[in-house]
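Student: The structure that follows is given in the form of structure tokens.
The values are calculated or read from the model by the stated rules, or taken from the named source; none is laboratory data. Only a predicted model underlies this, so the values are computations on that prediction, with no experimental measurement involved. Cβ placement follows ideal geometry from the backbone for every residue including glycine, while neighbour counts extend to all protein chains displayed. When the accessible area is computed, the model is the full protein with side chains, heavy atoms only, and any ligands, DNA or RNA have been set aside. Shrake-Rupley method; radii C 1.70, N 1.55, O 1.52, S 1.80 Å.
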Amino acid sequence: MKSSPHRPSIELLFKRGLGSAEIARRLQISSSTVRNVVAAIKKRGDASEKRIIRNDGLSLNRMASQLGIARSTVQSIVKNDLKPKSYKLRRGQYLSDKSKAMRLEKCRKLLQHFQVRRVSDVIWTDEKIFTIEPLPNRQNQRQLLSKDDSMSPKRRLAHNRLFPKSVMVWAGITATGKTPLVFIERNVKINSEVYQKIVLMDNLLPWVTQHFAGGPFILQQDWAPSHGSRSTLAVLEAHFPGFLDKNLWPASSPDLNPMDFSVWGMLEGKIAGKVFATVDDLKAALEVAWASIDDGYLRRTVNSVKKRLRACVKARGSNFEILL
């Protein structure tokens with residue numbers, strides 16, 4: 001039937017919405033011939049639609065090449081039949097099957113844990129590197145120029161130095177307050193000794209003593225080598241009992257830590273677009289931005305953690321932010 005001389009005419013009239021009987025009448029051919037050709041067209045269209053859905057990241061040109069059909073046909077299927085919308089790719093950490101299973105198990109444990117303990121008592125902590133030259137957003141940073149000037153020296157260049165000066169920042173929040181920012185210079189390696197002395201003992205412990213005034217609290221941290229060494233665990237047991245240990249806090253889970261999924265991004269936004277002459281200028285700007293974070297934001301952000309844990313369980317440990 002593919003060799004039928006009437007196939008192009010039948011396909012054209014079918015795409016215009018005519019039924020088989022009307023096509024047969026107009027072309028003065030048998031209804032069975034029309035029905036067979038239409039069935040073949042539908043079968044090919046269904047197969048093409050399924051392949052397009054399976055390969056939704058391919059361009060129309062590549063899709064047409066793989067299917068062996070015209071680009072206009074692929075465009076027609078996408079526009080008129082599938083009618084999808086274009087979405088930017090979501091960002092998220094890569095998760096292996098093993099990581100997903102581990103996250104699922106520990107999210108369930110954390111939800112049980114927070115039936116007894118309060119999520120508002122957790123001190124959520126993390127480190128992040130800030131540079132004196134924030135990366136430019138070439139998508140949003142624009143310049144208005146005439147067509148003649150578009151290739152002239154007036155055209156500005158978005159650039160960064162190869163190794164801009166930077167500082168490592170450690171910080172933590174609870175639902176009712178925030179720790180001091182702790183700045184660790186670039187040439188200082190955060191080993192167990194540095195983490196214990198500068199972060200835990202010199203900064204976090206005095207803050208905890210004052211903020212919680214003897215009340216209960218729970219320390220959360222990731223499990224970088226300096227955070228999980230034997231000597232660090234001894235310090236945690238002595239001064240921060242009840243911390244979320246490796247049996248509770250899942251690895252590869254920035255989407256569960258308020259510092260990662262919200263606070264750092266908000267802090268970056270407050271200093272966005274600024275280029276600092278020195279690291280000290282950057283630190284001063286970060287201190288101002290940090291001080292501007294209000295208790296209402298802290299409370300809302302921390303309270304969202306249990307919702308995220310439930311979403312992680314629903315997603316079976318996979319990326320879950322689309323469920324929020």
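Student: Relative to the present Cα-Cα distance, how much length would full extension add between Thr209 and Leu323 at 0.36 nm per residue of separation? Intermediate results must be reported in sequence, preceding the final value.
Tutor: Details: separation 114, 0.36 × 114 = 41.04 nm, distance 3.77 nm.
Extending this stretch completely gives an extra 37.3 nm.
Student: Now, a different point. Could you work out the local net charge near Leu181, counting Lys and Arg as +1, Asp and Glu as -1, over the other residues with Cβ closer than 9 Å to its Cβ? Provide the component values of the computation, followed by the final result.
Tutor: Details: positive: Lys178, Lys283; negative: Glu287.
Within the 9 Å Cβ shell, the charges total +1.
Student: Still on this structure, please answer the following. If I histogram all Cα-Cα distances within the stretch 278-324 using bins 10 Å wide from 0, what percent of pairs lands in each bin?
Tutor: Here the calculated profile for the stretch 278-324 is 23, 27, 23, 22, 4.
Student: Would the stretch 205-324 count as rounded, prolate or oblate if I go by the C-alpha gyration tensor, calling it rounded below 1.5 in a/c and otherwise prolate when a/b exceeds b/c, oblate otherwise? Write out the running numbers ahead of the final one.
Tutor: Details: a/c = 1.64, a/b = 1.15, b/c = 1.43.
Cα axes put the stretch 205-324 in the oblate bin.
Student: On the first, second and third principal axes, largest extent first, how far apart are the outermost C-alpha atoms of the stretch 160-217 in Å?
Tutor: 47, 25, 12 Å, listed from the longest principal axis down.
Student: Give the accessible area for Glu321 in Å² (nearest 10); use a 1.4 Å probe, count only protein heavy atoms, and leave out ligands, DNA and RNA.
Tutor: Taking all protein chains as shown, Glu321 has close to 80 Å².
Student: Which values of log₁₀ I(q)/I(0), to two decimal places, follow from the Debye formula for the stretch 192-252 at q = 0.13, 0.20, 0.26, 0.28 Å⁻¹ with a uniform point scatterer at every Cα?
Tutor: -0.32, -0.76, -1.21, -1.32
Student: Okay, moving on. For the stretch 207-241 and the stretch 5-34, what is the separation of their C-alpha centers, rounded to whole Å?
Tutor: Between the Cα centre of the stretch 207-241 and that of the stretch 5-34, the gap is 77 Å.
Student: What is the sum of charges, Lys and Arg at +1 and Asp and Glu at -1, for the other residues whose Cβ falls under 14 Å from the Cβ of Arg117? Provide the component values of the computation, followed by the final result.
Tutor: On the way: positive: Lys109, Arg118, Lys306; negative: Asp121, Asp245.
Its environment carries a net charge of +1.
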